[in-house]
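Here is the structure we will look at.
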Amino acid sequence: MAQQLDILVIGGGPGGYVAAIRAAQLGFKVACCESNPYADPKGEPRLGGTCLNVGCIPSKALLHTSHLFEEAGHAFASQGIVVGAPKIDVARMLARKNGIVDQLTGGIKGLFKKNKITFLPGHGAFIAKAGEGWKLKVGAEDVEAKQVVVATGSKARHLPGVTVDNKLVCDNVGALDIDAVPKRLAIIGAGVIGLEMGSVWRRLGSEVVVLEAAPDFLPMADADVAREAAKILAKQGLAIHTGVKIGEVKVGKKNVAIAYTDKDGKAAQLDADRLIVSIGRIPNVEGLNAGAVGLKLTERGQIEVDDHCRTNLPGVWAIGDVVRGPMLAHKAMEEGVMVAEIIAGQAGHVDLDLVPSVIYTTPEIAWVGKTEQQLKAAGVAYKAGKIPFLANGRALGVGAPEGFVKMLADEKTDRILGVHIIGAGASDLVAEATVAIEFSAASEDLARICHAHPTLSEVVHEAALACDKRALHF
Ligand code: FAD
Ligand code: NAI
């Protein structure tokens, strides 16, 4: 007899595990299946998906270690801290990172127990409609569920004809496990992974060259921020070439040769000891048996959903990286909560226009809402308040004077439309901006709120004041 469930969640990443927890809180009988190859000490697949195993969390651990390494080598002396030239023990850095992954992925299993969610190790696949619900297989086991939440996530897109062995040629999985500092590191794709992983290895001593196909650098960011980021990252030594066309990639025994044409159409070659390919991600629908039950996909291979993550099949929902919208962990989690609450008869909503973006370079880059170029293209009349971190005492105190906060507000109504930050603490500062925009705040609202002194948040405050041309410290 097949196991009977209210809800089966397929995939235990941030979308899936959060959907399972929220559904269990709402009183449903829930199971979540997961089939990744990252085994825990019990030999079971780890929960947490891409984010916890090979994404957000391990990358931020490496970014932190490499940041401290750079500070020790370059910033300590200016503050009177005298140490010798630091050395990096890559094995220990990776062990620390792996320890954090162990702790957090194990923690999700603990949360499942606490919430009485059944964990089903194994690959989930649709079999057929069964009454009001669905019959599925998880591994060898039959399961029947009234509702199914597909949260199968995404995997790295590879270059056609270039085999990723995760040793010489890495995607995100190998990039997070490089066991020695490569002398020359090539990266294809100057997106979020390229910049974050490029920063890690550049700080640790690699010569990093990033080849990017798009003519513009960071086209999704506000153009002002993208320009500032390009300037700062180049000064740090990250060589970024935009507008290139990748040709043949020859993988030798110990090195990789990448032929490409540069932005002027000139043939060039990049020789490297390692290559990271970070050219975006593709949705995971493999082995779901979507076709057999008629689950509709988009042209891009994502599961087609409406604004509330309903698929074309009754009782089947899809969330996170496998559907439209930004491929971000917090977006996946919000969709998980929304779907569980809608299944429980409550209201649920995720505003995809208000999902904050963060790039964890130094300085950090973060934004929410519309960019200046989007407002111009839409013909919206706006005003801008822009304040450099250089004008902030705390930023100077912590040795991080680079960057700025730029606030964009509607010219007539003063409603905040977008906030763009490049600077220390941007990943946390963007939360205030997100709350403000969610609550339809005007720049004057933020300008009239008392911000603690001395904090980096004062730069956001001053940017709000600057929208009305009354900044106090700039
Ligand atoms: P996933 O996390 O991909 O989880 C899906 C899970 O489903 C996987 O574990 C997979 O094994 C499992 N699965 C797939 N098919 C089946 C099946 N049929 N049966 C059973 N299980 C199945 N986002 C951020 O917000 N902040 C960051 O800092 C950040 N950093 C990142 C760094 C890197 C290097 C990468 C690669 C990504 C990063 N992301 C970041 C993106 C983030 O990891 C994803 O947006 C997020 O993990 C998506 O969550 P998800 O639940 O939709 O999918
Ligand atoms: P990305 O979409 O951020 O960047 C890919 C880049 O590769 C783009 O600039 C694209 O123009 C370029 N590109 C595509 N094909 C190319 C080719 N053939 N040659 C050269 N360049 C090419 O994708 P990335 O960096 O792989 O990351 C995947 C996703 O993971 C991100 O979009 C993001 O959603 C998520 N992520 C989020 C992070 C965060 O929130 N801090 C960190 C890392 C990843």
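The values are calculated or read from the model by the stated rules, or taken from the named source; none is laboratory data. Keep in mind that this is a model prediction, so the values were computed, not measured. Backbone-built Cβ (ideal geometry, glycine too); neighbour counts: all protein chains shown. Note: accessible area is taken over every heavy atom of the protein model, side chains too, but ligands, DNA and RNA are not part of it. Shrake-Rupley method; radii C 1.70, N 1.55, O 1.52, S 1.80 Å.
Cut-off under 16 Å on the C-alpha distance; same-chain residues fewer than 8 positions from Lys135 excluded. Which lysines are left, in chain and number order? By straight Cα distance, Lys135 reaches Lys29, Lys146.
DSSP H helices in the chain with Cα extent of 15 Å or more along the helix axis and mean Kyte-Doolittle hydropathy at least 0.5?
Values: long enough: 14-25 (16 Å, 0.35); 56-70 (21 Å, 0.35); 90-114 (36 Å, -0.01); 192-203 (17 Å, 0.30); 223-236 (20 Å, -0.09); 329-343 (21 Å, 0.57); 426-438 (18 Å, 0.92); 457-467 (16 Å, 0.83).
Helices meeting the span and hydropathy rule in the chain are 329-343, 426-438, 457-467.
A 1.4 Å probe run over the protein chains yields, for the range 363-466, 42 Å² of accessible area per residue, whole-number rounding. Of all lysines in the structure, the ones whose alpha carbon falls short of 22 Å from that of Lys266, not counting any fewer than 8 places away in one chain, are Lys245, Lys250.
Treating the beta-carbon of each Lys and Arg as +1 and of each Asp and Glu as -1, no other charges, what is the dipole magnitude of the chain about its Cα centre, to the nearest 20 debye?
On the way: 51 positive and 53 negative charges, 180 e Å.
Computed charge dipole of the chain: roughly 860 debye.
Using DSSP to call loops (not H, G, I, E or B), can you name the chymotrypsin sites (Phe, Trp or Tyr not before Pro) in the range 21-117 whose Cβ has at most 10 other Cβ atoms within 10 angstrom? Don't jump to the answer; show the numbers that get you there.
On the way: sites: Phe28, Tyr38, Phe69, Phe76, Phe112; in loops: Phe28, Tyr38, Phe76.
Passing both the DSSP loop test and the Cβ count: no residue.
Can you give the local net charge around Thr455? Use residues other than it whose beta-carbon is closer than 13 angstrom to its beta-carbon, Lys and Arg +1, Asp and Glu -1.
Around Thr455, the surrounding residues sum to -3.
What is the chain by shape, rounded, prolate or oblate, if you read a ≥ b ≥ c off the alpha carbon gyration tensor as root eigenvalues and call it rounded for a/c under 1.5, prolate for a/b larger than b/c, and oblate otherwise? The shape class here is oblate. In the chain, taking the dipole from charged Cβ atoms about the Cα centre, the farthest positive-side position among Val9, Leu176, Gly265 is held by Leu176.
For the range 99-190, run through the GluC sites (Glu not before Pro) and keep only the ones in DSSP coil with at most 12 other Cβ atoms within 10 Å of their Cβ. Walk me through the numbers before you get to the answer.
Values: sites: Glu132, Glu141, Glu144; in loops: Glu132.
Within the range 99-190, the qualifying GluC sites (Glu not before Pro) (loop, at most 12 other Cβ atoms within 10 Å) are Glu132.
The HN-Hα couplings worked out from phi for the range 36-47 by the Karplus form 6.51 cos²θ - 1.76 cosθ + 1.60 (θ = phi - 60°) are 6, x, 8, 7, 8, x, 7, x, 8, x, 7, 7 Hz, whole numbers, x standing for Gly and Pro. With just the Cα atoms defining each centre, how far is the range 1-78 from the range 173-240? Give it in Å. Spelled out, the Cα-based centre of one part sits 25 Å from the other.
Do any of Lys87/Lys386; Lys113/Lys155; Lys42/Lys253 go past 30 Å between their Cα atoms, and which?
On the way: Lys87/Lys386 39 Å; Lys113/Lys155 28 Å; Lys42/Lys253 35 Å.
Result: Lys87/Lys386; Lys42/Lys253 exceed 30 Å.
Leaving out ligands, DNA and RNA, what percent of the accessible area of the chain is carbon and sulfur, probe 1.4 Å? After summing per-atom areas, the C and S share lands at 55 percent.
When you filter the trypsin sites (Lys or Arg not before Pro) in the range 11-80 for DSSP loop state and at most 14 other Cβ atoms inside 10 Å of their Cβ, you are left with Lys42. Quick note on the range 435-474: its Rg to Rh ratio, both from C-alpha atoms and Rh being the Kirkwood radius, is 0.96.
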